[in-house]
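Asks: Structure in structure tokens, see below.
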Ligand code: AMZ
């Protein structure tokens, strides 16, 4: 299919009007988004320095997949990944990065860009990760709770900051998903529109790690209501899920448990998402 015909390459009217209020770097990012194909982001979640997966984000439901996360990073890169998604779970629970050593090893082991989220709540934490070579920082809790700090961060590290929106029954969850705020996802979106963000990572918590498919409806609704490039996360389980998400106006999708349990072959997902 020609690029221009692909549904996820047709920006919505929000996106067009938003262009006029953006800085040159952000305009470049949006144009890159318009012409690029969908990315598959293999996920590495870190807990105690190990590569794990949780179910619905619960720390008491952990499966360890590797003691050497940098080996996993190399494996996903060798299978063709173009971008890696890393979550510092201890960081998200504790409110400050807690797996910097493992993150540094991952960044040093591979040449593809890496995005990292979990516990980034200060400029110092952000700078430390940027210094380790991380290309994109994902901010969840502090984007909701400290909007002025977050706006500053987005401007300081323009092009490197993404917002992570984790939804529990339509409300934004924070602090390692232990707390659910009163803010709905759709109330939160307009506040983000004016910021120079490189991505919005949308996770439906009830689907995460459950191997029962993503929430297509809410993902599509989010993607259609924002001009920020959206990355879908949570529940991608089969190649049919990948195909169906590929038809939505997304920047890409994160795949976690499915590539560890083998219900999706990463190479095939990358082929299907082109
Ligand atoms: O699985 C969890 N309990 C979990 C998780 N995966 N809790 C937070 N996170 C991720 C979010 C986002 O990428 O999806 O951590 C990041 C947000 O962290 P913070 O500390 O900024 O809220």
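None of the figures in this text is laboratory data; all of them are computed from the coordinates on show. Remember, predicted model here, so these are calculated numbers, not experimental data. For neighbour counting, all protein chains shown are included, and Cβ atoms are generated from backbone atoms with ideal geometry for every residue, glycine included.
Asks: In 5 Å bins starting at zero, report the fraction of Cα pairs in segment 3-273 per bin as a rounded %.
Replies: Histogram of Cα-Cα distances, whole percents per bin: 1, 6, 14, 19, 22, 19, 13, 5, 1, 0.
Asks: How much mean residue ellipticity at 222 nm does the chain get from its helices, if each DSSP H run of length 4 or more adds -39500 (n - 2.57) and you divide by all residues, to the nearest 500 deg cm²/dmol?
Replies: It lands at -11000 deg cm²/dmol.
Asks: So if each residue of separation counts as 0.36 nm, and I subtract the Cα-Cα distance between residue 261 and residue 124, what length gain in nm does that give?
Replies: 45.7 nm
Asks: Give me 218, 66 sorted ascending by neighbouring Cβ count inside 10 Å, so fewest comes first.
Replies: Least crowded to most crowded, the residues run 66, 218.
Asks: Between residue 211 and residue 94, what FRET efficiency comes out of the Förster formula 1/(1 + (r/R0)^6) with R0 = 30 Å and r the beta carbon distance, rounded to 0.05?
Replies: It comes out at approximately 0.60.
Asks: Let me know the shape class of segment 79-175, please: from the alpha-carbon gyration tensor, a ≥ b ≥ c as square roots of the eigenvalues, rounded when a/c is under 1.5, otherwise prolate if a/b is greater than b/c, or oblate.
Replies: Taking the square roots of the gyration eigenvalues as a ≥ b ≥ c, segment 79-175 is prolate.
Asks: In a Gaussian network model over the chain where Cα atoms closer than 10 Å are linked, find which of 219, 141, 62 has the largest mean-square fluctuation.
Replies: Between 219, 141, 62, it is 62 that shows the largest mean-square fluctuation.
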